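Student: Pasting a structure here, questions to come.
The values are calculated or read from the model by the stated rules, or taken from the named source; none is laboratory data. Computed from a predicted model, the values in this text were never measured in an experiment. Cβ: placed from backbone, ideal geometry, glycine included. Neighbour counts: every protein chain shown. To get the accessible areas, we keep the full protein, side chains included, count just its heavy atoms, and leave off ligands, DNA and RNA. Shrake-Rupley method; radii C 1.70, N 1.55, O 1.52, S 1.80 Å.
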Amino acid sequence: MSFKDRPFEKRFEAMGDIAEGAFEERSKVKYVRFGLNRPPLKMSALPPTLRYTPDYLTSNNFVEVQGLGGDQIFKLKLDKLEALSFWNNLHPVLLYVYDSHNVRDHYLDWDSLTSLTQDAKIAAFPEGKQYYAVPASLIWTNGET
């Protein structure tokens, strides 16, 4: 069963660990942890702007980290993009994408990220949460390396 098809509770147990570890190992700038990291709270009760607080803070950016696996489809929740727009208005948001299948990473600035979502198909996780489905090949032709 692929990661996206697992029940949310199972996805939540490992969500972000590999990608965040890669960011912390590979970052060339100083950072501090900023976002919520699986707190003992009912996340669905929080407003999206809090639920999707960016993972890291640097002097120049917020950094949101997200992984991508074997299916090579980047899945960005619609409400997450909207919440990140709020944060981008406070301090620029960079998206760090880590592809654990091909062991590669890439940064997307805000314009590159929103450009990718404009033509993306919309799909849904098993629990119904909708996401933009962006082929990985498009990510590695946009944004910063």
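Student: Which one, [x] 41; [y] 21; [z] 32, gives percent of Cα pairs over 25 Å apart as derived from the coordinates shown?
Tutor: So the calculated entry is the one marked [y].
Student: Another question, if that's okay. Tell me, what ³J(HN,Hα) does each residue in segment 116-126 have, in order and in whole Hz, if you take phi through Karplus 6.51 cos²θ - 1.76 cosθ + 1.60 with θ = phi - 60° and put x for Gly and Pro?
Tutor: 4, 7, 4, 9, 6, 6, 9, 10, 9, 6, x
Student: Excluding residue 25 itself, what net charge comes from residues whose Cβ is under 13 Å from its Cβ, given Lys and Arg +1 and Asp and Glu -1?
Tutor: Value of the local net charge: -2.
Student: A follow-up question, please. Based on Cβ point charges of +1 for Lys and Arg and -1 for Asp and Glu, what charge dipole magnitude is obtained for the chain about its Cα centre, in debye rounded to the nearest 20?
Tutor: That gives a dipole near 320 debye.
Student: Right, another one. Carbon-plus-sulfur fraction of the accessible area of the chain, 1.4 Å probe, in percent?
Tutor: Its accessible area is 53 percent carbon and sulfur atoms.
Student: Could you tell me what percent of the DSSP beta bridges with both partners in the chain are antiparallel, to the nearest 5?
Tutor: The antiparallel fraction comes to roughly 75 percent.
Student: Still on this model: Near the amide H of residue 74, under 5 Å away, which other amide H atoms are found, from residues 5 or more places off or on another chain, if H is placed in the peptide plane?
Tutor: Those qualifying (amide H under 5 Å, at least 5 residues apart or on another chain) are 134, 136.
Student: With a Förster radius of 25 Å, plug the Cβ-Cβ distance of residue 127 and residue 100 into 1/(1 + (r/R0)^6) and report the FRET value to the nearest 0.05.
Tutor: About 0.65, to the nearest 0.05.
Student: Can you compute the modelled spin-label distance between residue 42 and residue 58, with each label point 7 Å from Cα toward Cβ, in nm?
Tutor: Going from the residue 42 label point to the residue 58 one covers 3.7 nm.
Student: Something else now. Starting from segment 35-97, pick out the trypsin sites (Lys or Arg not before Pro) whose DSSP state is loop and whose Cβ has at most 11 other Cβ atoms within 10 Å.
Tutor: 42
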